[in-house]
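**Q** Would you mind keeping the following structure in view while I ask a few things?
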Number of protein chains: 4
Amino acid sequence: MNSTPDAPLSHIPRSLVSAADYAAAAPAHLTEQAWAYFSGGAGDESTLRHNREALDALRLQNRVLSRLEGASTKCTLFGVPYAHPILIAPVAYQRLAHPEGEVAMATGASAVGAGMVISTQASMLLEDVAAATQVPSWFQLYMQPDRDHTRQLLARARQAGCAAIVVTVDAPVNGIRAREHRAGFVLPADVSAVNLVGMQTHASFTAPLGASPLFGSGLLTAAPTWRDLAWLRQQTDLPLLVKGVTAADDARRAIEAGVDGIVVSNHGGRTLDGQPGSASQLPAVAKVAAGQVKILVDGGVQRGTDVLKMLALGADAVLVGRPAVYALAVAGALGVAHVMHILRAELETAMALTGCATLADVGPHVLAQAP
Amino acid sequence: MNSTPDAPLSHIPRSLVSAADYAAAAPAHLTEQAWAYFSGGAGDESTLRHNREALDALRLQNRVLSRLEGASTKCTLFGVPYAHPILIAPVAYQRLAHPEGEVAMATGASAVGAGMVISTQASMLLEDVAAATQVPSWFQLYMQPDRDHTRQLLARARQAGCAAIVVTVDAPVNGIRAREHRAGFVLPADVSAVNLVGMQTHASFTAPLGASPLFGSGLLTAAPTWRDLAWLRQQTDLPLLVKGVTAADDARRAIEAGVDGIVVSNHGGRTLDGQPGSASQLPAVAKVAAGQVKILVDGGVQRGTDVLKMLALGADAVLVGRPAVYALAVAGALGVAHVMHILRAELETAMALTGCATLADVGPHVLAQAP
Amino acid sequence: MNSTPDAPLSHIPRSLVSAADYAAAAPAHLTEQAWAYFSGGAGDESTLRHNREALDALRLQNRVLSRLEGASTKCTLFGVPYAHPILIAPVAYQRLAHPEGEVAMATGASAVGAGMVISTQASMLLEDVAAATQVPSWFQLYMQPDRDHTRQLLARARQAGCAAIVVTVDAPVNGIRAREHRAGFVLPADVSAVNLVGMQTHASFTAPLGASPLFGSGLLTAAPTWRDLAWLRQQTDLPLLVKGVTAADDARRAIEAGVDGIVVSNHGGRTLDGQPGSASQLPAVAKVAAGQVKILVDGGVQRGTDVLKMLALGADAVLVGRPAVYALAVAGALGVAHVMHILRAELETAMALTGCATLADVGPHVLAQAP
Amino acid sequence: MNSTPDAPLSHIPRSLVSAADYAAAAPAHLTEQAWAYFSGGAGDESTLRHNREALDALRLQNRVLSRLEGASTKCTLFGVPYAHPILIAPVAYQRLAHPEGEVAMATGASAVGAGMVISTQASMLLEDVAAATQVPSWFQLYMQPDRDHTRQLLARARQAGCAAIVVTVDAPVNGIRAREHRAGFVLPADVSAVNLVGMQTHASFTAPLGASPLFGSGLLTAAPTWRDLAWLRQQTDLPLLVKGVTAADDARRAIEAGVDGIVVSNHGGRTLDGQPGSASQLPAVAKVAAGQVKILVDGGVQRGTDVLKMLALGADAVLVGRPAVYALAVAGALGVAHVMHILRAELETAMALTGCATLADVGPHVLAQAP
């Protein structure tokens, strides 16, 4: 880790053959603060570990001699066709990882047919990011304290051609992220949430000793509630996904509120520590959805076999965050395209070896019961 | 570890953002002997590990979009209101950790509204400790071989304003603590159980080879029994808690004996090695109590998420020992206030992210079933 | 690991007393590339680990005072008697491990009565390999894109005296093997699949970024299907085994297709990552077989106790791959004979200590239920 | 580890406060070969690990306020009173550990009231060993190929005052112990099985490559069977225990054969690798015994809490081997006395904290169900 990180590479060295390789290479291309910000999780980072452990605990069942001619990873989400079901998760402040930030991410993703979810806290204008890709982007929304500001963001996203809105609901407060705190993470002067310029933000609040650290801060007064979700649903006719739902009851309520999709997510382990891995909670949510709404998931996906496991558990598509950001830091748009290409190649190989010619062939039978 | 430990800090460096950070920093501020005394456990220290493992094995279930306005951690114990349910556990000889010992601990705890349980083996006068805090203290009692001495301690505690008596029943003999033995721990000349001056104590006993090491010593003749608890109940009208109960049968019998509360505890892993973690044994005791008496618990709590887990398993409040002592060693009263503030902040964050606006909202549903 | 590896030893040093010792010694006798090729697995190498974990999780039950006079490990497979049930698994390109490659392997195996399965991708002529052993060899077949080529291979194997055909069906595509990729593994100029000279092979295919990495390559068009297996069954009257089956349904279908045996295998963890260990999947396949066809198994066998566990789970015989290759690299034919002798000695000792005088005495009761 | 090991200590340094401390100190006092011989296990030493894991997996349940006056560890085995239920297991060739070998062991054991089982392969005359202790010794018997020799050993043991015969039945062949092999262990010139002088022994046998390593050796022809046990039962009216039984069926058959006791044992992990820990197999054997015969157990006992767990699982007494041998190497008879004193002190403390005043109070309730 460095205060003067290495410049992004302009070619892909032989040593980078997996997402894990990009993770290992990334620290050299990031400031210590940025590495802490992107890689860290809340508390003791147990949710972060559970995300991997839940995937690692699953076993795949090979199948032989299936007919695989004409196999394909094509899928359709909300009427839009995608070459494969692996999207870029919303990640804030990507200019911390690369000078071209979200535009480089979109360029790389687009090159390999990957959809991208643009963060409310993007460090580049959402219009510029959306324009950098051939594949329709989605827009991730944090509901703003002022509803007009929320409406403005929705309008801009629609205008920029975004194909869906993903509202994040699992972060009414920041997680307690020790690595960031210890690294003294603050945004550098040239990186900011440029799409929120002019909008009211929550002042940072440090409670004096003896006062209620959070509950006394007033921060929660503006935290969105189910009522706000109902309001939001009425503000847009774009497909609306709710992100951060892991409880079956919450999923049921979200579906009743009219959402079109649910992203099963624990925010990459960055909010509440001690949660199960996403893969552990996906089946119950998928069962509630029962095909009425689309189910996406993120959390620990690093391999095409992980993607296949998530699909087998009921997901329609998966989001990857850190692998894409690390690749962005290491080799810019080229790195992003490469890591997404690797994930797709791994998915196709895993499908072939489990006898699945299409995503429709993927189901629970792909998972082995034996340990 | 040092024979000349560092002086306590007078400010909080950025590197201290969790109780675990204080644990890591503490050895530099303690003699090797004091570190061995405070940190060690009995036998192979498996109970010590089980305390953490039992908490780590529990998973939290996030909930979204709940209404959190006016959230609070307030609670009432035996008619007394507390700002939050995190108390300082009774720990002996705190002057081993800091020159101002229990008074500094009480000062720090008081600053953040934390109750404190003063040990029979405090190294400062219980009256002085109780006077150092705005929050009512409790008094931890070891029943003395001479009942008059026990009565004297009860009278002094009441006189000093203590709000409850916590009688420890799980240590009729010392645990076998190898780290202390290897470090050659003995109390320094200027640290002693000042509240027991003039009272009969058990002579230290080393059995000759071939004799019964413990059973032949006579030490157990004066070990308190259920009959002594019945007697004790009649000696005070303060709320009486029994500490160190983990068996459901013992809990039942204690309730029949008229106690007002039970502290589920394995003495911080310092007596019987090989016990389950406190969090594993809490539910059975809470089930027996069924709301008739208050349930407190200690053992391995290092995070606000741990506090939340204990509450979800049936505790009304939790005690923290080592985290507070380590903070006392590192930065005196300021450190104690800081670490308790951190724990409360973590608890509030965890409550917000699990959709709990009050302690009454916390229940088993806060725990996820998925792994 | 070396670019100039050590020559094979001509004697066995005292330090080599187990298959694991050969594994530890092998890297010094292999190029870095060859070591990566032989030792590596697909993906994160979890299948590789699961193979060991599944065996390690099994417990043996000792039995005492059984009558063991005249004990023996003899077995009969497809009418041919073998001194013991431990065969050499098919491994490609053994000249990467030793200048005399498969001939040295066959010589060593033959010296201790071990059968050997010659790979389609052998680096020496199958006729020469088969001629080097007294014990009937088997021939491992990859079905070729051109059926005439497959027929030619079958005819040569029969002519060379092979006693059975083992068709591998779990590798329609290559596994994604990071260690090989990072080591830059390519076959050296003097090592090739000499038995396939003149036959059509799949051109290596690297998809451009954005294209379907595998499904777009056309590689799968020629992947064998159940229809091809039915055709193959008609091309030979040698015993036909199908290798790479782990699903009960696939086993059922293979038996219906007329195979004489099934090799439960995950290809040594080299194709699909995330599979259970072979030992975990063996019982379900053995149950389907129900004695109608022979069951063989490979995957992680490193000890005679592993062999015994596999037999107890329903296998008629086991294959060992890496242990034999490592021994070949370390000490040529002598090493192969030695490591197979060790495995047999361990098997006999384990049989004696579990009270089994013959392979017929081995059954599920040999496995303990306790952990 | 040394070729010239340190002399035994003549005092006990402060650093030795547990059996584990003796294990850590022992290598300095042993030749590399002797350390390999005493500490090693068969195969991958998994049985060795399972012995500890099975004990570590058990949890103790504390009990409070019980009446403990007059507590005691006294027990009676075959009519003979013992101060406590911890005996020295039979261990061969103790002169490898200390110049005074078995006599020093007996002296140390006797000093703390511990019974000792003298090995057939003792390196000192059994008469001399038996004479060195006040506590009646037992004699461990390997049945000899020549029945007259067995009878001679029985007669000598009775004459020397041994109180019981323990016939070992789980080692018809040697375990495959890699550490010994690698260390090149052979008995030094001045250490031998002096009690077997003049008796026929099995010639060491090394099978040529290609021959059956064990089954072809003839070694098993003389392996004792159930018929030999029946014969043995008729040769002595001393209490007869059978050692090495872990299967319930074998236990049943042994009881039918008229034994007076069973030692549940896996030979300290030195014969068959892959067995469960002794503590895992003890309950099933104890259930079969149902009080008809005495149950002893060895395997991994290093703490008084381990002793208590074994008693709770149904044992009447436990044997400790390695801890005593390591103490013998470190500090001779004094070390043996000390380590046995420690174990007894730990047992008494554990009994007090679980509310057991006598061994009769120990039962399954002492084990907690929680993890």
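The values are calculated or read from the model by the stated rules, or taken from the named source; none is laboratory data. It should be emphasised that the depicted structure is a prediction, and the values quoted were computed from it without experimental measurement. Every residue, glycine among them, receives a Cβ derived from its backbone with ideal geometry; neighbour counts consider all protein chains shown. Only protein heavy atoms, including side chains, enter the accessible area calculation; ligands, DNA and RNA are left aside. Shrake-Rupley method; radii C 1.70, N 1.55, O 1.52, S 1.80 Å.
**Q** Which distances, shortest first and in nm, link residue C:235 to the matching position in the other copies, using label points set 7 Å out along Cα to C-beta?
**A** Copy-to-copy label distances at residue C:235, shortest first: 6.6, 6.6, 9.3 nm.
**Q** Still on this structure: In Å², and per residue, what accessible area does the protein assembly as shown have when probed at 1.4 Å with the other protein chains present? Show your work: numbers first, answer last.
**A** Numbers: 51200 Å² over 1484 residues.
Each residue of the protein assembly as shown exposes 35 Å² on average to a 1.4 Å probe.
**Q** Do any residues of the range C:326-348 show a loss of at least 20 square angstrom of accessible area between the isolated chain and the full protein assembly, using a 1.4 Å probe, and if so which?
**A** Correct list: C:341, C:344, C:345, C:346, C:348.
**Q** Through the Karplus equation 6.51 cos²θ - 1.76 cosθ + 1.60, θ set to phi - 60°, convert the phi angles of the range D:160-177 into ³J(HN,Hα) values in whole Hz; use x for Gly and Pro.
**A** Rounded to whole hertz, the list is 7, x, 4, 9, 6, 10, 10, 8, 8, 10, 9, 9, x, 9, 5, x, 9, 10.
**Q** Further question: Treating only the Cα positions of chain D as identical point scatterers, give the base-10 log of I(q)/I(0) from the Debye formula at each q in 0.06, 0.07, 0.13 Å⁻¹.
**A** Log-scaled intensity ratios, in q order: -0.21, -0.29, -1.06.
**Q** Something else: Fully extended, how many nm does the chain gain between residue B:76 and residue B:221 (0.36 nm per residue separation, minus their Cα-Cα distance)?
**A** On the way: separation 145, 0.36 × 145 = 52.20 nm, distance 3.87 nm.
Result for the pair: 48.3 nm of gain on full extension.
**Q** Over all directions, average the projected area of the Cα convex hull of the range C:302-351 and note it in nm².
**A** With every direction weighted equally, the projected area is 3.2 nm².
**Q** Here's a follow-up. Which distances, in nm and shortest first, link the residue B:367 label point to the same label point in every other copy, taking 7 Å along Cα→Cβ?
**A** 2.3, 2.3, 3.2
**Q** Quick one: which residues, 5 or more positions from residue C:139 or on another chain, have an amide H under 5 Å from its amide H? H modelled 1.01 Å from N in the peptide plane, none for Pro or chain starts.
**A** Close amide H contacts, sequence-distant or interchain: C:118, C:163, C:164, C:165, C:166.
**Q** For residue B:74, go through the lysines and keep the ones whose alpha-carbon is under 27 Å away, minus same-chain ones fewer than eight residues off.
**A** The qualifying lysines are B:243, B:287, B:294, B:309.
**Q** Using packing as a proxy for protection, rank A:271-281, D:29-39 so that the peptide with the highest average count of other Cβ atoms within 10 Å comes first.
**A** On the way: A:271-281: 28.6, D:29-39: 22.0.
Packing proxy ranking, top to bottom: A:271-281, D:29-39.
**Q** May I ask you to list the trypsin sites (Lys or Arg not before Pro) in the range D:3-70 that are in a DSSP loop and have at most 16 other Cβ atoms within 10 Å of their Cβ? Don't skip to the end; give the middle numbers.
**A** On the way: sites: D:14, D:49, D:52, D:59, D:63, D:67; in loops: D:14, D:63, D:67.
Those satisfying the criteria are D:14, D:67.
**Q** On alpha-carbon atoms, Rg over Rh for the protein assembly as shown using Kirkwood Rh? Before the final figure, lay out each step's value.
**A** On the way: Rg = 35.5 Å, Rh = 35.7 Å.
Taking Rg over the Kirkwood Rh, I get 0.99.
**Q** For residue A:74, place a label point 7 Å out from Cα along the Cα→Cβ vector, do the same in each other copy, and report the separations in nm, one decimal, smallest first.
**A** Ordered by distance, the counterparts are at 6.3, 6.3, 8.9 nm.
**Q** From the C-alpha coordinates alone, can you work out the Kirkwood hydrodynamic radius of the range A:33-147, in Å?
**A** Values: mean 1/r = 0.0592 Å⁻¹.
Hydrodynamic radius (Kirkwood, Cα only) of the range A:33-147 equals 16.9 Å.
**Q** To continue, here is another question. Go through the range A:6-50 and flag every residue whose accessible area shrinks by 50 Å² or more with all protein chains in place compared to the isolated chain (probe 1.4 Å).
**A** A:14, A:17, A:44
**Q** On to the next question. Over the range C:5-96, what portion of Cα pair distances is larger than 22 Å, expressed as a whole percent?
**A** Of the Cα pairs, 56 percent sit more than 22 Å apart.
**Q** Suppose we look only past 22 Å in the calculated P(r) of the range C:87-181. What percent of the Cα-Cα pairs does that tail hold?
**A** Counting every Cα pair in the range C:87-181, those more than 22 Å apart make up 28 percent.
**Q** Okay, moving on. Taking a ≥ b ≥ c as the square roots of the Cα gyration tensor eigenvalues, with a/c under 1.5 meaning rounded and otherwise prolate when a/b beats b/c, else oblate, which class fits the range D:247-318?
**A** Oblate, since a/c reaches 1.5 and b/c is not below a/b.
**Q** Which parts of the range D:197-238, residue by residue, lose 30 Å² or more of accessible area when the rest of the protein chains are there, as against the chain isolated (1.4 Å probe)?
**A** D:209, D:210, D:213, D:214, D:215, D:220, D:221, D:225, D:226
**Q** If you don't mind, another one. Restricting to DSSP loop positions (anything but H, G, I, E, B) with no more than 10 other Cβ atoms inside 10 Å of their own Cβ, which trypsin sites (Lys or Arg not before Pro) remain in the range A:119-159?
**A** Working: sites: A:147, A:151, A:156, A:158; in loops: none.
For trypsin sites (Lys or Arg not before Pro) across the range A:119-159 that sit outside H, G, I, E and B with at most 10 neighbouring Cβ atoms in 10 Å, the list is empty.
**Q** Further question: Mean Kyte-Doolittle hydropathy of 0.0 or higher plus an axial Cα length of 27 Å or more: which whole DSSP H helices in chain A meet both?
**A** A:322-353
**Q** Would you compute, from DSSP H runs of 4+ residues alone, the mean residue ellipticity of chain C at 222 nm, taking -39500 (n - 2.57) per run and dividing by the full residue count, rounded to the nearest 500?
**A** Calculated from helices alone, the mean residue ellipticity at 222 nm is -11000 deg cm²/dmol.
**Q** Could you state the principal axis extents of the C-alpha atoms in the range C:126-221, from the largest down, to the nearest angstrom?
**A** Over the range C:126-221, Cα extents along the principal axes are 52, 30, 24 Å.
**Q** Roughly how many percent of the accessible protein surface of chain D is carbon and sulfur, given a 1.4 Å probe and a whole-percent answer?
**A** Taking all protein chains in place, chain D shows 50 percent carbon and sulfur surface.
**Q** Pull up all non-local amide H partners of residue D:59: gap of 5 or more, or a different chain, and H-to-H distance under 5 Å with H placed in the peptide plane.
**A** D:368
**Q** Over chain B, with a Gaussian network built from C-alpha contacts below 10 Å, which listed residue (B:207, B:23, B:230) shows the highest mean-square fluctuation?
**A** B:207
**Q** Check which residues have an amide H placed less than 5 Å from residue C:82's amide H, if you skip close sequence neighbours.
**A** C:75, C:76, C:77
**Q** Apply 1/(1 + (r/R0)^6) to the Cβ-Cβ distance of residue C:230 and residue D:209, taking R0 = 51 Å, and write down the FRET efficiency to the nearest 0.05.
**A** Working: r = 43 Å, r/R0 = 0.84.
Step by step, r from the Cβ atoms, then E = 0.75.
**Q** From other protein chains only, count the Cβ atoms within 10 Å of every residue's Cβ in C:242-249, then give the mean. Numbers along the way, then the final one.
**A** Working: counts 2, 1, 4, 4, 6, 8, 1, 3.
The shielding value for this peptide is 4.
**Q** In peptide D:164-177, how many Cβ atoms from other protein chains are near each Cβ within 10 Å, on average?
**A** On the way: counts 0, 0, 0, 1, 1, 4, 5, 4, 8, 7, 1, 3, 10, 1.
Shielding by partners across D:164-177 averages 3.
**Q** In what sequence, highest mean first, do B:96-107, C:217-228, B:175-186 appear when ranked by Cβ atoms within 10 angstrom?
**A** My ranking of the peptides, most packed first, is B:96-107, B:175-186, C:217-228.
**Q** Between B:28, C:88, B:76, whose Cα lies farthest towards the positive end of the dipole of the protein assembly as shown when Lys and Arg beta carbons carry +1 and Asp and Glu beta carbons carry -1, centred on the Cα centre?
**A** B:76
**Q** A further question on this structure: Provide the solvent-accessible area of residue B:170, counting protein heavy atoms only and rolling a 1.4 Å probe, rounded to the nearest 10 Å².
**A** Around 10 Å² of this residue is reachable by solvent.
**Q** Give me the accessible area buried between chains D and B, both sides summed, with a 1.4 Å probe, in Å² rounded to the nearest 100.
**A** Summed over both sides, the interface buries about 3500 Å².
**Q** Please turn the phi angles of the range B:14-31 into ³J(HN,Hα) values with the Karplus equation 6.51 cos²θ - 1.76 cosθ + 1.60 (θ = phi - 60°), one per residue in order, whole Hz, x for glycine and proline.
**A** 4, 6, 9, 10, 7, 4, 5, 5, 5, 4, 6, 7, 4, x, 5, 9, 10, 5
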